[in-house]
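Visitor: One structure is given below, represented as structure tokens, and several questions about it will come after.
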Amino acid sequence: SMNTDLSTVSFRVLRTGLRVYSVRNVEDLGQSFVANFRIFFSWDEDADTDSESSTIEEWKPDFYFLNIMAEPFYVDGPLLQRKRNKKTGKVACSFQVRLIGKFSAAMNLRHFPFDMQELKIQLRIPRTDKQGVAGVGLDEGASGKGVRFDEDYAQMGDWETLGLSCEIVYESPGQPNFKPDVVARLVVARRYPYWLHSVMLPLSLIYCLLWYGFAIPRSQGIDRVRHVFTLFSVLLFFKFLVGHKIPHISYFTLFDSWIVLLFTVAAVTGIGLAVASELEKSGGGEGGSGGESWSSGAVSDLVVFLSCFGAWALGSAKLGWDAVHIVKARGRAVEAALSSGVLKPVPRRSFHGSLIKLTPASTPTVPEVAEVQLNTTEGSRV
């Protein structure tokens with residue numbers, strides 16, 4: 001229920017946090033991801049302690065998501081709990097709900113497949129003046145500095161979690177309706193080893209067969225062109241084979257630059273091999289002798305080989321150096337953010353409560369298992 005009369009508003013301070021259970025379907029093309037998480041709210045209210053029949057207003061916070069792309073699916077809840085202390089007159093209130101939603105994410109893929117992305121869940125609490133919200137803070141107890149994430153429960157696929165953070169951002173600070181935004185950030189990096197050993201290494205090995213074309217006699221120009229064309233077709237087929245995993249965007253990525261380098265050098269090499277064969281057949285040009293013809297074809301082959309091989313080697317070395325620099329730079333950036341407290345490290349699997357150790361000789365019965373106490377306020381799972 002919402003209050004509209006400001007004279008009857010009972011102002012409260014909200015403490016909020018998120019527990020992220022899993023992040024999946026991180027899409028490059030759709031610039032989106034799917035998150036399964038729980039939202040926590042807690043606050044204190046005053047109650048009339050002079051009367052045993054005093055009631056507590058049935059209020060819960062109103063909120064919505066700024067970057068959600070579809071209506072969220074509610075897994076469980078909402079759950080509203082109140083506990084009154086008759087001595088102090090205070091009422092400890094808590095509200096939580098678990099849901100699954102698809103959120104938009106602005107991704108910069110120029111460093112693909114060595115890129116690092118920031119996934120955000122942006123929650124806004126609107127009409128704070130009418131809701132009676134005097135302030136919003138992070139709940140550092142129940143959810144660990146506002147946000148908590150357990151990587152062992154996440155279905156990240158091609159991504160690795162580096163750190164997370166949570167902060168409160170005010171759109172209109174100092175105003176009655178200050179519009180607080182709870183922004184949870186999850187910093188993830190793409191797992192690039194797959195692209196190294198399953199895509200780039202096979203393409204490089206196939207590409208090395210290109211230089212075999214120079215071993216084919218110049219008199220067999222058709223065989224030379226056929227060899228380059230076959231290799232070009234294999235490279236093109238392999239590219240389309242992994243095309244569903246390559247981001248379809250309008251600008252060039254690091255991987256796109258490497259692919260363009262391979263195809264360009266292959267095309268120029270094929271043209272150079274064909275030209276050398278034609279020089280061999282035509283006798284090295286008008287007025288040339290047989291020796292000059294052989295020399296012209298050999299020189300043409302040598303020029304094509306040195307120029308194309310040099311361009312491929314230098315281009316690959318440059319892109320490789322860029323990739324190493326990108327990986328090191330993102331590692332230094334994450335370490336700096338973790339050391340300064342901007343990001344917090346992602347914990348591994350952690351349990352809360354009393355655990356029963358199962359052994360083959362002693363298997364607990366159903367009543368024994370039911371006696372396990374779990375700290376459900378922290379959203380822990382066993």
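The values are calculated or read from the model by the stated rules, or taken from the named source; none is laboratory data. For clarity, every value in this text was computed on a predicted model and none was experimentally measured. Cβ placement follows ideal geometry from the backbone for every residue including glycine, while neighbour counts extend to all protein chains displayed. Side chains included, ligands, DNA and RNA excluded: accessible areas come from the protein's heavy atoms. Shrake-Rupley method; radii C 1.70, N 1.55, O 1.52, S 1.80 Å.
Visitor: Note down the net charge around ILE222, summing +1 for each Lys or Arg and -1 for each Asp or Glu among other residues with Cβ under 12 Å from its Cβ.
Guide: +2
Visitor: How would you order 38-45, 298-305, 236-243 from highest to lowest mean count of nearby Cβ atoms within 10 Å?
Guide: 38-45, 298-305, 236-243
Visitor: Which whole number in µm²/s is D for region 165-316 by Stokes-Einstein, with the Kirkwood Rh taken over Cα pairs at 10 °C and 1.306 mPa s?
Guide: 83
Visitor: Counting only other residues whose beta carbon sits under 12 Å from that of ASP158, what net charge do I get with K and R as +1, D and E as -1?
Guide: With Lys, Arg at +1 and Asp, Glu at -1, the neighbours total 0.
Visitor: Using protein chains only and a probe of 1.4 angstrom, how many square angstrom of HIS197 are accessible, to the nearest 10?
Guide: Approximately 110 Å² for this residue.
Visitor: Counting only heavy atoms of the protein chains, get the accessible area per residue of region 207-269 (1.4 Å probe) and round it to a whole Å² value.
Guide: In whole numbers, region 207-269 has 53 Å² accessible per residue.
Visitor: Percent of Cα-Cα pairs per 5 Å bin, from 0 to the last occupied bin, for region 297-347, please list those.
Guide: 4, 18, 12, 12, 9, 9, 8, 7, 7, 5, 4, 3, 2, 0
Visitor: On to the next question. List the residues, sorted by chain then number, that are 5 or more residues from TRP159 or on another chain and whose placed amide H is less than 5 Å from its amide H.
Guide: Here the answer is ARG191, since their amide H atoms fall under 5 Å of that of TRP159.
Visitor: Moving to a separate point now. Compute the signed sum of charges (Lys and Arg +1, Asp and Glu -1) over the other residues within less than 12 Å, Cβ to Cβ, of SER32.
Guide: With Lys, Arg at +1 and Asp, Glu at -1, the neighbours total +1.
Visitor: Right, here's the next one. Here is the link list: LYS245/LYS328; LYS245/LYS318; LYS239/LYS281; LYS120/LYS179; LYS60/LYS86; LYS239/LYS318. Which ones come out longer than 29 Å on Cα distance?
Guide: Where the Cα-Cα span goes over 29 Å, the pairs concerned are LYS239/LYS281.
Visitor: Which whole-Hz couplings ³J(HN,Hα) result when phi for each residue of region 191-196 is put into the Karplus expression 6.51 cos²θ - 1.76 cosθ + 1.60, θ = phi - 60°, listed in order with x for Gly and Pro?
Guide: Coupling constants for region 191-196: 7, 7, x, 4, 6, 6 Hz.
Visitor: Could you sort the peptides 161-170, 306-315 by per-residue average Cβ neighbour count (10 Å cutoff), highest mean leading?
Guide: The most tightly packed comes first, giving 161-170, 306-315.
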